[in-house]
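Trainee: If you scroll down you'll find the structure; I have some questions about it.
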Amino acid sequence: MSERREDIGHGLQTVRRRIAEAAARTGRETDEITLIVVTKYFPASDVRILADLGVREVGENKHQEAAQKADELADLRADGLRWHFVGGLQSNKAAAVARYADAVHSVDRTKLVDRLSRGALERAGQEPDRPFDPVDVLVQVSLDPPGAEGRAGADPRDVGALAERLAGAEGLRLRGVMGVAPHGEDPRPAFRQLAASAAAVCSVDPGATWISAGMSADLEQAIEAGATHVRVGAAVLGPRPRIK
Ligand SMILES: *Cc1c(COP(=O)(O)O)cnc(C)c1O
């Protein structure tokens, strides 16, 4: 067994244990929580190792890198590997992202809705022999104070309207909300805010129950606040390689 495979295996085991312990403390079932391994900056060979170790959900945050890996690893789709796009979305890239992403967590403005819908429908046209699966979409909610620099995500007041647009868009399936807690602070107030936005989205579509929250540093607090999907990179794969 390669050293890299061994390291990744240990990382996975540790994170799965953390998830199970946090779930148990909160009286939740471990299988209510989906681990998405965020593979940004790591090579396609690591994604292959992850798939081999049983991971079926991987996340990326940059369009070009994600598109390249999804293409190179197209064979893994047949085994059920799913690509989650979790990064900031440029309007002019949104349709392209929806052509390979199975889930897009970072929908934060209405301008993206028609573009994502178009990309999803184009993909359906390109893969006529595959059953059409709508692209899962989540509203990214800003958990930073208003006016904070680099604030990503929709203002909590705009979440309901954005969710309604997504719920009505062809080729997309509204799934829930996503949030990133502010760095270097107690994440719990942010995760409580996200839970409130999740309730607003559920009132648009009762089936939209996903709460994508929690990363390497704060997955326990996210699970305690109701996260259904955690997005974990470094704790599984180690420190990210320096940006090329
Ligand atoms: C990179 C990233 C993660 C994973 O972060 P880690 O600290 O490596 O676990 C999760 N969510 C988003 C949106 C990311 O960009």
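We did not get these values from a lab; they are worked out from the coordinates using the rules stated. Predicted, not measured: the structure shown is a model, and the values here were computed from it. Reconstructed Cβ throughout: ideal geometry from the backbone, glycine too, with neighbour counts over all protein chains shown.
Trainee: Going through segment 162-198, which GluC sites (Glu not before Pro) have at most 15 other Cβ atoms within 10 Å and a DSSP loop state? Could you put the intermediate results ahead of the total?
Mentor: Details: sites: 164, 170, 185; in loops: 170, 185.
Within segment 162-198, the qualifying GluC sites (Glu not before Pro) (loop, at most 15 other Cβ atoms within 10 Å) are 170, 185.
Trainee: May I ask you to derive the FRET efficiency for residue 52 and residue 30 from their Cβ-Cβ distance with R0 = 25 Å, giving the value to the nearest 0.05?
Mentor: 0.70
Trainee: If you don't mind, another one. Run the numbers for residue 14 and residue 126: contour at 0.36 nm per residue of separation, minus the present Cα-Cα distance, in nm.
Mentor: Full extension from residue 14 to residue 126 adds 36.4 nm.
Trainee: Shifting gears a bit: What's the lysine pair count for the chain at a Cα cut-off below 16 Å, pairs eight or more apart or interchain? If you can, show how the numbers build up before the last one.
Mentor: Numbers: 40/62; 40/69; 40/244; 62/93; 62/244; 69/244; 93/111.
Count of close lysine pairs: 7.
Trainee: Which residue, 192, 17, 56, has the most motion in a Gaussian network model of the chain that connects Cα atoms within less than 10 Å?
Mentor: 17
Trainee: Explain nothing, just the number: dipole magnitude of the chain about its Cα centre with +1 on each Lys and Arg Cβ and -1 on each Asp and Glu Cβ, in debye rounded to the nearest 20.
Mentor: 400
Trainee: Further, regarding this structure: Taking only DSSP H segments of four or more residues, each worth -39500 (n - 2.57), what value at 222 nm results for the chain once the sum is divided by all its residues, to the nearest 500 deg cm²/dmol? Mind showing how you got there, number by number?
Mentor: Values: 10 runs with 103 residues, N = 244.
Theoretical 222 nm ellipticity from helices: -12500 deg cm²/dmol.
Trainee: Of all GluC sites (Glu not before Pro) in segment 54-135, which ones are in loop regions per DSSP and have a Cβ with at most 12 other Cβ atoms within 10 Å?
Mentor: For GluC sites (Glu not before Pro) across segment 54-135 that sit outside H, G, I, E and B with at most 12 neighbouring Cβ atoms in 10 Å, the list is empty.
Trainee: Here is a further query. Whole-Hz Karplus ³J(HN,Hα) for segment 118-131, in order, using 6.51 cos²θ - 1.76 cosθ + 1.60 and θ = phi - 60°, x for Gly and Pro?
Mentor: 4, x, 5, 6, 5, 4, 4, x, 7, 10, x, 8, 9, x
Trainee: Taking the Cα centre of segment 1-104 as the origin, how large is its charge dipole in debye, to the nearest 20, when only Lys and Arg (+1) and Asp and Glu (-1) carry charge on their Cβ atoms?
Mentor: Roughly 280 debye, rounded to the nearest 20.
Trainee: Considering the chain as a Gaussian network with a 10 Å cut-off on Cα pairs, which listed residue, 84, 183, 229, attains the greatest mean-square fluctuation?
Mentor: Comparing 84, 183, 229 in a Gaussian network model of the chain, the most mobile one is 183.
Trainee: Pick from 97, 37, 55: which is most flexible by mean-square fluctuation in a GNM of the chain where alpha carbon atoms under 10 Å apart are linked?
Mentor: Looking only at 97, 37, 55, the biggest GNM fluctuation is shown by 55.
Trainee: Still on this structure, please answer the following. Name the long-range amide H neighbours of residue 173: under 5 Å, sequence gap of 5 or more, or other chain; modelled H, no Pro or chain starts.
Mentor: When sequence neighbours closer than 5 places are left aside, the close amide H contacts are 135, 136, 137.
Trainee: Between the alpha-carbon centers of segment 106-153 and segment 198-244, tell me the distance in whole angstrom.
Mentor: With segment 106-153 and segment 198-244 each reduced to a Cα centre, they are spaced 17 Å.
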